[in-house]
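Novice: Let me begin by handing over the structure; questions about it come next.
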Amino acid sequence: MTDERSFEDLQRELDELVARLERGDVALDEALSLWQRGEELYRACVERLDRAELEIEELRLGGAAGDDSARPAG
């Protein structure tokens, strides 16, 4: 999924889908479609969170690991 909306937009849509499914007022075929879309949104959210975690870790380390590997020896 290459959805470039913000994490918050993706999460909002996912929350809305979950609420619709929890109400139980959708037909089976629609529920299956909503579930599938929910899985896509969930994966997109997890991917965004993983990328953010990696970026935070890089910032926390001060980018030193990447800088050292780029420097010539000696």
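Novice: Scan the stretch 1-40 for residues that are touching a residue at least 40 places away in the same chain (Cβ under 8 Å) and surrounded by 14 or more Cβ atoms within 10 Å (Cβ to Cβ) and jot them down.
Specialist: Asp3, Phe7, listed by residue number.
Novice: Here is a follow-up. Looking only at the stretch 23-34, which residues are more than 17 Å from Gln11 (Cβ to Cβ) and assigned to a helix (DSSP H, G or I)?
Specialist: Result: Arg23, Leu28, Asp29, Glu30, Ala31, Leu32, Ser33.
Bear in mind that the values in this text are calculations on the coordinates, not laboratory data. This structure is a prediction, so every number in the text was calculated from the model and none was measured. All Cβ positions, glycine included, derive from the backbone under ideal geometry; neighbour counts span all protein chains shown.
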